[in-house]
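Working notes for the structure below.
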Amino acid sequence: MRSATFRRLAPFVGVVVTVLLLVLAFMLGLLSLGKMRQVVTEEFNGQQLVLARNLAALLQQDLDFLRRELTVLNLSPSLQDGGSAAMVSRLRVTLGSVQEEELLEIRRISASGEETVVLDRSGVARTESGSLTHDPGFVWARSPASRGRILLSEAPRPVQERYGGRPLVTLSTPHYEGTGGQAGAGPAARFSGVLVFVLDASGIARRFTEDARSGSTGYAWVIDEKGTFLAHPMASFVGKNAFKARPQRNPAIGFEDINAIMRDRMLTGQEGTGSYLSGWHRQATGPIHKLIGFCPVHVDPDRPGRRWSVAVVAPVSEVQGLVGSLFVRQFVVQGAIVLALLAGGVSLIRMERRWTRLKKQREREVNLSSRLASLGMLSAGVAHEINNPLAIILGFTDLLLEETPPNTPAWEHLKIIERQGLACKKIVENLGRFARIPEQRDETSDLNEEVRRVLAMVQNTLLTEKIECRADLQEGLPRVMGDPQGLQQVLLNLITNARGAMRRSGGTLTVQTRRVDDQVTVTVRDTGHGIRRQDLGRIFDPFFTTKAPGEGTGLGLSISHGIVEKAGGKITVESLHEDEVGAERSGTAFTVSLPAVAENR
Amino acid sequence: MTEKLLILDDEVDMLTLLETIIRAKTPHDVVVTNNPLEIEELMAAHRFSLVISDLKMLGRDGLEVIDVVHRADPTIPVVIITAYGSLESAQEVVRRGAYDYITKPFRKEQVLITIERALEWRRITAENLKLRER
């Protein structure tokens, strides 16, 4: 019973386990996808950081170059004589030798701070007057401590305005007279003014970041120490404060992440990587997760606080899309393999079960046949043994009956002995017949004819037992294997059983013949009490009976089974017992299928 | 005409029954034994017209009895008594030379008729033989 339950449950358990394993595999796959993404993302971001470092180094080199230019110019003897034509032409040489987008103009402020010679890209020098004595840059330059040093600071507002509000910075260095080629080394030197480079910070930043690419679409941007964009692919951002410009462009996004990165890390001079939610990437808009690598640019070696920061950013999708599509492909392949295995396994299991079922059925049949055969041999022996004493009993009874005057008590008693002895003989005959079923496979019968004969025989009995009899015979059936007497006996046995099942309250007996492929079947169906499920497997066993003792020998069905099997046919049974389905639906149907004989026989 | 019959059966009650039937219903004389190994001895001592034998006996079965009897005198008919249900063995004994068989349980009429027919057959066979010898 437990193993049967197990067998029934096994496929479901198998499916559940397989599904669980699949889900597990999928989850592990997702996990590993996540891990893979993380690894690749970190790797990618590491590359962005390297790129940012390179860009920062380039920017720093450029600023160093400009500082050197400034220093070299400052040492030029032509500058000793403020405002002279020689000085202007010297300035012009320097201006010409430096990229236009970087150095916008050179200023020479007089020692008093009242007068400034300006040479811009127009090539025409002019003199601006106005006191700069309180200008922080001039104050710094006049201090002896500043001698030989260079200050980087934001350009004065009027200058910025002249260049359309572009972020400009200045490099200023004090000029000392009489220092000759020694860069103001001698103590005798006298402060004679300030030399100033006005630089286009955005130009410098753009020059190096413009063509930087991270991945296929990632780009770089630069902010100064206040968070002002010095360079950004979005031209309108340049010169604007990053903290304000972003929300202006897309108010829907909080930019907390990037603001935190800029405030806490970029503007504090750290380098590193991170990710944030942006509202766009190049032309694409909408919430876009981005990866960022950033590195500071120390623009003023004397003041560590003065620094810019270069950032390299790329959308996460650029990395993860690639990883994702690889994984999707892997998943599909894995899934296909698993499904193929699963389908193969399922069909194997189904085939195996089908085969087992057939094998079992076959085994049951063989089992029953061999059981019947051995029982047949046993009963043949029993029949022989019983016949001997029976012959003696009946023989002497016969003799005594002759010697006894009829209708005396002794004669009556002898008659009873004879009757009971004959009953014994009948049982033994049945046993004998069961043991010795004729092997005449050649004999054929007209099944419909035999059905009609048997029905005619039992018709009256059925009527008295309130059993309605219906015959549903398909005409034109081929003849079947099996001798007529044998088939009659089979039909009679089945009908006798049906009668027994319907004895209590009558019912309907249906006998139906049909052609099914190369078989002819006859079904005997009753509406009686049915057979209990646990008895179904034993009904063909000899001596198995549910009838009261003395009413049946329990041989009817086993004899019938033997006859039908000898003819190359089969008996099957379907039954519903009234205790299981109720009296309205209960009943039994025995179907005998016999091989049809080829038409030409 | 009184004839002498030999009856063989290892069941003594069966012998008694057959002897009783034959003595009561026929004029014939009967010799019975439950030991089939005595046949030769008995046949030497008596002139039997008919042998009735059970098929299944200890020591010697009915088929051997047929051979033994016919070796001594081929004109003596042998009737074999066999249990109902072993029709095949009944047919076998006829093929092996038995005159007829009786299946158990039997009615006494069946036994009597078979005996008479067997004796009749023996008489005719014997006459034929005599005629041929002349």
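The values are calculated or read from the model by the stated rules, or taken from the named source; none is laboratory data. Source: prediction; values computed, not measured. Cβ atoms come from the backbone with ideal geometry, glycine included; neighbour counts cover every protein chain shown. Note: accessible area is taken over every heavy atom of the protein model, side chains too, but ligands, DNA and RNA are not part of it. Shrake-Rupley method; radii C 1.70, N 1.55, O 1.52, S 1.80 Å.
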Quiz item: With a sphere of radius 11 Å drawn around the Cβ of A:Phe44, what net charge do the other residues whose Cβ falls strictly inside it have (Lys, Arg +1; Asp, Glu -1)?
Solution: -2
Quiz item: Expressed in nm to one decimal, what extension gain is obtained for the pair A:Arg157 and A:Ala260 from 0.36 nm per residue of sequence separation less their Cα-Cα distance?
Solution: 34.2 nm
Quiz item: Taking Cα atoms, how many degrees apart are the long axis of helix A:556-566 and the longest axis of chain A, rounded to 10 and kept between 0 and 90?
Solution: 70 degrees
Self-check item: Residues in region A:382-398 occluded by at least 30 Å² - accessible area, probe radius 1.4 Å, against chain by itself
Solution: A:His384, A:Asn387, A:Asn388, A:Ala391, A:Ile392, A:Phe396, A:Asp398
Quiz prompt | Among A:Ala598, A:Ser575, A:Gly123 - extreme Cα towards positive end, dipole of chain A, charges at beta-carbon | solution = A:Gly123
Exercise. Count charges around A:Ile106 for me, please; just the other residues with Cβ under 11 Å from its Cβ, Lys/Arg as +1, Asp/Glu as -1.
Key: +2
Self-check item: Dipole of the protein assembly as shown [Lys/Arg +1, Asp/Glu -1 at C-beta], most positive-end residue of A:Leu168, A:Val451, B:Gly62
Solution: A:Leu168
Quiz item: Name the GluC sites (Glu not before Pro) in region A:310-398 that are in a loop by DSSP and that have at most 13 other C-beta atoms within 10 Å, would you?
Solution: none
Quiz item: In chain B, how does Rg compare with the Kirkwood Rh, expressed as the Rg/Rh ratio over alpha carbon atoms?
Solution: 0.94
Self-check item: Mean residue ellipticity (222 nm) of chain B, computed from DSSP H runs ≥ 4 via -39,500 (n - 2.57), nearest 500
Solution: -16000 deg cm²/dmol
Practice problem: Treating the angle as unsigned and between 0 and 90°, give the value, to the nearest 10°, between the Cα long axis of helix B:12-25 and the longest Cα principal axis of chain B. | Solution: 50 degrees
Quiz prompt | Pairs from A:Lys425/B:Lys104; A:Lys425/B:Lys25; A:Lys426/A:Lys466; A:Lys360/A:Lys570; B:Lys25/B:Lys130 whose Cα-Cα separation, in the structure shown, is over 19 Å | solution = A:Lys425/B:Lys25; A:Lys426/A:Lys466; B:Lys25/B:Lys130
Exercise. Would you mind working out the magnitude of the charge dipole of the protein assembly as shown relative to its Cα centre, with +1 at each Lys and Arg C-beta and -1 at each Asp and Glu C-beta, to the nearest 20 Debye?
Key: 3000 debye
Practice problem: Provide, in order from the shortest bin, the percent of all Cα-Cα pairs of chain A in each 10 Å bin, continuing until the bin that contains the maximum pair distance. | Solution: 3, 11, 13, 10, 8, 5, 4, 4, 5, 6, 6, 6, 6, 5, 3, 1, 1, 0, 0
Quiz prompt | At R0 = 35 Å, FRET efficiency that the Cβ-Cβ distance of A:Arg470 and A:Val15 yields, to 0.05 | solution = 0.15
Exercise. Please identify which residues in region A:13-57 have an amide N closer than 16 Å to a label point set 7 Å out from the Cα of A:Ser216, following the Cα→Cβ vector.
Key: none
Quiz item: lysines near A:Lys240 by alpha-carbon distance under 30 Å, same-chain residues fewer than 8 away left out - which ones?
Solution: A:Lys226, A:Lys290
Exercise. Taking the Cα centre of chain B as origin, sum charge times position over the Cβ atoms of Lys and Arg (+1) and Asp and Glu (-1), and report the length of that vector in debye to the nearest 20.
Key: 560 debye
Self-check item: Portion, in percent, of the accessible area of chain A that falls on carbon or sulfur, probe 1.4 Å
Solution: 57 percent
Quiz item: Ratio of region A:439-601's C-alpha Rg to 2.2 N^0.38 Å, to two decimals?
Solution: 1.01
Self-check item: Most positive-pole-ward Cα, A:Leu55, A:Ala189, A:Gln38, against dipole of the protein assembly as shown from beta carbon charges
Solution: A:Ala189
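Could you grab the Rg to Rh ratio for region A:213-436? Cα atoms only, Kirkwood for Rh. Numbers along the way, then the final one.
Numbers: Rg = 52.5 Å, Rh = 27.3 Å.
That ratio equals 1.92.
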Exercise. Counting only heavy atoms of the protein chains, get the accessible area per residue of region A:213-436 (1.4 Å probe) and round it to a whole Å² value.
Key: 54 Å²
Quiz prompt | Whole-number percent relative contact order across chain A, with pairs defined as alpha carbons under 8 Å at least 6 apart | solution = 9 percent
Quiz prompt | Hull-based mean projected area of region A:488-527, where the convex hull spans the alpha carbons, in square nanometres | solution = 2.9 nm²
Quiz item: Of all accessible surface on region B:4-133 at a 1.4 Å probe, what whole percent is carbon and sulfur?
Solution: 51 percent
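What is the calculated FRET efficiency for A:Glu584 to A:Met234, with r their C-beta to C-beta distance and R₀ = 60 Å, to the nearest 0.05?
0.10
With a 1.4 Å probe, what is the total accessible area buried between chains B and A, in Å² rounded to the nearest 100?
Approximately 1900 Å² gets buried when B meets A.
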Practice problem: Find the percent of Cα-Cα distances in region A:292-411 that exceed 20 Å, and round it to a whole number. | Solution: 80 percent
Self-check item: Phi-based couplings in Hz for region A:195-200 (Karplus 6.51, -1.76, 1.60; Gly and Pro marked x)
Solution: 9, 10, 9, 9, 10, 8
Self-check item: Degrees between helix A:447-464 axis and first principal axis of chain A (Cα, 0 to 90, nearest 10)
Solution: 70 degrees
Practice problem: With a Förster radius of 51 Å, plug the Cβ-Cβ distance of A:Ser505 and A:Glu412 into 1/(1 + (r/R0)^6) and report the FRET value to the nearest 0.05. | Solution: 0.85
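Could you list the chymotrypsin sites (Phe, Trp or Tyr not before Pro) in region A:331-414 that lie in coil according to DSSP, counting only those with at most 13 other Cβ atoms within 10 Å of their Cβ?
For chymotrypsin sites (Phe, Trp or Tyr not before Pro) across region A:331-414 that sit outside H, G, I, E and B with at most 13 neighbouring Cβ atoms in 10 Å, the list is empty.
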Practice problem: For region A:439-601, give the magnitude of the charge dipole about the Cα centre (Cβ charges: +1 Lys/Arg, -1 Asp/Glu; no others), in debye to the nearest 20. | Solution: 300 debye
